[in-house]
Amino acid sequence: RFHGVATRYLPNYLGWRCVLDAGRIDTPESMLKAAIGHFPRFVVT
């Protein structure tokens, strides 16, 4: 079961949730690029 995110990892978790919820990652290729850092910075508005 999922018991939440440790405080230590909260910034990473929230960053991924923001990206995924914004719908900017729509292919496996774009997910891989984001994971290895070859994706343009995301601008949250």
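Every read-out reported here was derived from the displayed coordinates using simple, explicitly stated rules and does not represent laboratory data. The structure displayed is predicted, hence computed values, not measured ones. Don't worry about glycine lacking a Cβ; one is built from the backbone with ideal geometry, like all the others, and counts go over all protein chains shown.
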Karplus ³J(HN,Hα) for the stretch 9-18 (6.51 cos²θ - 1.76 cosθ + 1.60, θ = phi - 60°; Hz, whole; x = Gly/Pro) runs 9, 4, x, 5, 4, 5, x, 5, 4, 4
Could you give each residue of the stretch 19-26 its phi-based ³J(HN,Hα) in whole Hz, using Karplus coefficients 6.51, -1.76, 1.60 with θ = phi - 60°, and x for Gly or Pro?
5, 5, 5, 6, x, 7, 9, 10
Listed highest first by mean packing, meaning other Cβ atoms within 10 Å per residue, what order do 4-12, 27-35 come in?
27-35, 4-12
